[in-house]
1. Here is a check on your reading of the model: is residue 62 assigned to a loop (DSSP other than H, G, I, E, B) and closer than 20 Å to residue 153 by Cβ?
2. Quick one: which of 124, 137 is at pLDDT 95 or above, in a strand (DSSP E or B) and farther than 28 Å from residue 13 by Cα?
3. Filter region 1-56 for residues that are in a helix (DSSP H, G or I), at pLDDT below 90 and under 26 Å from residue 83 (Cα atoms) and give the result.
4. Could you list, in sequence order, the residues of region 16-28 that are touching a helix residue (DSSP H, G or I) at 6+ places or on another chain (Cβ under 8 Å) and touching a residue at least 60 places away in the same chain (Cβ under 8 Å)?
5. For residue 104, work out the one condition from (1) surrounded by 13 or more Cβ atoms within 10 Å (Cβ to Cβ); (2) part of a strand (DSSP E or B) it doesn't fulfil.
6. Looking at 132, 154, 114, can you tell me which residue is surrounded by 16 or more Cβ atoms within 10 Å (Cβ to Cβ), under 16 Å from the mean Cα position of the chain (by Cα) and either assigned to a strand (DSSP E or B) or touching a residue at least 24 places away in the same chain (Cβ under 8 Å) (or both)?
7. Looking at (1) in contact with a strand residue (DSSP E or B) (Cβ under 7 Å, 6 or more places away or on another chain); (2) surrounded by 15 or more Cβ atoms within 10 Å (Cβ to Cβ); (3) without any contact (Cβ under 8 Å) to a residue 60 or more places away in the chain, which is the one condition that is false for residue 98?
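The values are calculated or read from the model by the stated rules, or taken from the named source; none is laboratory data. Quick caveat: nothing in here was measured; it's all calculated off a predicted structure. Cβ sites come from the backbone with ideal geometry, for glycine too, and all protein chains shown count toward neighbours.
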């Protein structure tokens, strides 16, 4: 058991921003740099020492994206829109979301998703996902695969060649 003391409650908007802009490997990160520069994540779950799931308070500036379109094999994901009107892009196509709407992505369905802020206002949302070991993420629009083991993401090309 850790001796670290975690807070019980905080003001979410005051939480520190994630220090790393992205987990994507080069050259993927470089390709996305402009669109990810407008994404600001506050990893709320980490502040409380949560181990089974993560929670991020995320802000997307106009023109920013949440991620590459992706699907998880083992991790469920959930988003709840607090401010703004992003476009959710899934296998079914684009859908405009508004404050108070939420979307869920069951593990293993292959329904790849991303949020795009194609408006002139910031978008703010909560994203929640579990931290299941052995998760594999596919990116149908990009030459990228990811695997989560021992608390770390590793990336490869679709043919298995490591980045």
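1. Here the answer is no, as residue 62 does not meet what is asked.
2. 137
3. If the condition is that a residue be in a helix (DSSP H, G or I), at pLDDT below 90 and under 26 Å from residue 83 (Cα atoms), then 32, 33, 34, 35, 36 are the ones that fit.
4. 24
5. Tallying (1) surrounded by 13 or more Cβ atoms within 10 Å (Cβ to Cβ); (2) part of a strand (DSSP E or B), residue 104 fails exactly one: (1).
6. 114
7. (2)
For (1) touching a strand residue (DSSP E or B) at 6+ places or on another chain (Cβ under 9 Å); (2) under 24 Å from residue 148 (Cα atoms); (3) without any contact (Cβ under 8 Å) to a residue 24 or more places away in the chain; (4) surrounded by 16 or more Cβ atoms within 10 Å (Cβ to Cβ), each residue gets a yes or a no:
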residue	(1), (2), (3), (4)
14	yes, no, yes, no
30	no, yes, yes, no
39	yes, yes, no, yes
50	no, yes, yes, no
